Amino acid sequence: MITFSERPLRANSRLERVLRSGRFAVTAELNAPDSANPEDVYRNALVLAEVCDGINATDGSGANCHMSSLGCCALLVRAGYEPVLQVSCRDRNRIAIQGDLLGAAALGVKNVLCLTGDDVSAGDQPQAKRVFDLDSIQLLQTTRTMRDQGVFLSGRKLSTPPKLFLGAAENPFVPPYDFRPLRLAKKIAAGADFIQTQYCFDLPRLRTFMARVRDLGLDGRVFILVGVGPLRSEKAAEFMRSKVPGVWIPDALVERLTKTPAKQKAEEGKRICIEIIEEVRTIPGVHGVHIMAYRQEETVAEIVERAGLLPRQATLDLPRLDMKQWRPVVA
Amino acid sequence: MTSTLKEARRWPGSEWLKDRPALLEQVYGWAERALRFVYPALKRFGPQGAERLLIGTEEVGKGYLFNCQMCGQCILHSTGMTCPMTCPKNLRNGPCGGVRPDGHCEVIPERMCVWVQAWERSQSMPVYGAEIHLIQPPVNRSLQGTSAWINLLEGVDQQTPPGWTLPTAK
């Protein structure tokens, strides 16, 4: 089997370097603001950048309209941060997506997460037309074709292909459970270099999934980052499992939060998240965690620290930031 | 349970039949062989008539049985004899991450996920079952509304975008 370090560099992004070095990687999700002010992006990013190797800018998460992922990523690159562009197939057809990928690479974005996307019915504008011209696997292969063959899907040549480290999502926690590892194999065949999973609150289910992944020999072919996140209360948990598509939270966890006194619920939620990270680290084939703290980005640093994941190697080469200008300080 | 016209038009018993995918894949195999045999004659006799006949048969037959969306590039036998175009996201390569814990659809909660059904059914299909692992190319949207049978016999539905078929670098 080819080890990771022997494989060709895809984009030489910071995230890619950390993963290839064999260190446990940490990425986090940035919630795109409902605002045209770049400071709102930077305020959210600032608390994440020091403690993680990559920042995912969501693309209309939950089908709710926010600042575009490309816009956020461009701002993050400008500040010297390491963004992961999320591309969902819900809102754009293949023409728009391929154009955006070129634009992103030109702006300095080096990591892309290819997603199918939540359906429009989950969001604040359910009357919108759903596109889904490509699916996530077709999007992966299209992006890989652009990167490795230097052509559009139409076969037309690119004068400079986009250098991108390709990611995909997987959700081991919802049916059909036994098809999920095989779908992961499909995504790898289509070009996925790394995987970020949906929220993990069910460790036995993850272990079963990873065992099958190892049986199929997929663990040596893709970097897997397991999605985790803190729950603020049992109400937040109920909301997430009933309203956010694809989130599975076992009853035992919700009960644990219900039994906790009101003032300690948030702390208990963080503790659960840290426990899950510690367990996830022991599973062979897991290369990192992806922390999604919706509207509580400030907790991410604490979680990373308490889980013993500091210092982050990738952040050592972070440029110093001029807090007034939001630009790297030129030495 | 029936939220749209296209859902409502299904024949009573179509679910019963779809839960016998091994039988359906046999029928598919026979139909393909039969059509390959008669199509040249049909085409010579009257190409427009042949097209009308096949489109009509597909619209009615596959429509009522599989809730066919007439995408014109049928892969029913590769997806557990369950039409992937009836997935609200038109996914042809497997389920999305939004499937509910009970196996129901993210978008239409009353309905089973098309891909949960496709996966289960493909497991009892000895002939074409393994084709569920194939990567399906992007849909050719310009074939919408045309006859999938004619596209199959003419080889139109196997044509992928030129960039898609290029060999991939190691």
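Every read-out reported here was derived from the displayed coordinates using simple, explicitly stated rules and does not represent laboratory data. Quantities reported herein were computed from a predicted structural model and do not represent experimental measurements. As a convention, Cβ positions derive from the backbone with ideal geometry for all residues, glycine included, and neighbour counts pool all protein chains shown.
Figures for the structure shown
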quantity: Estimated 222 nm signal from helices in chain A, with DSSP H stretches of n ≥ 4 weighted -39500 (n - 2.57), rounded to 500; calculated: -11000 deg cm²/dmol
quantity: Cleavage-rule hits (trypsin sites (Lys or Arg not before Pro)) in segment A:86-172: DSSP loop, at most 15 neighbouring Cβ within 10 angstrom; calculated: A:Lys129, A:Arg156, A:Lys163
quantity: Debye equation applied to the C-alpha atoms of segment A:4-317, log10 I(q)/I(0) at 0.07 Å⁻¹; calculated: -0.25
quantity: Ordering of B:53-59, A:39-45 by burial proxy (mean other Cβ atoms within 10 Å per residue, highest first); calculated: A:39-45, B:53-59
quantity: Relative contact order, percent, segment A:142-263 [alpha-carbon distance under 8 Å, six or more residues apart]; calculated: 22 percent
quantity: Distance between modelled label sites at A:Thr258 and B:Arg44, nm, 7 Å Cα→Cβ extension; calculated: 7.5 nm
quantity: Volume in Å³ per residue [convex hull over Cα atoms, computed for chain B]; calculated: 143 Å³
quantity: Candidates B:Gln136, B:Gln48, B:Gln26, ranked by Gaussian network fluctuation over chain B, Cα under 10 Å, top entry; calculated: B:Gln48
quantity: Where GluC sites (Glu not before Pro) fall in DSSP loop in segment B:62-163, at most 13 other Cβ within 10 Å; calculated: B:Glu110
quantity: Point-to-point label distance, A:Asp34-B:Ile135, nm (Cα→Cβ direction, 7 Å offset); calculated: 3.9 nm
quantity: Of the DSSP H helices in chain B, those whose Cα atoms cover at least 18 Å axially and whose Kyte score averages 0.0 or more; calculated: B:21-45
quantity: Per-residue Cβ neighbour rank within 10 angstrom, fewest leading, A:Lys270, A:Lys263, A:Lys235; calculated: A:Lys263, A:Lys235, A:Lys270
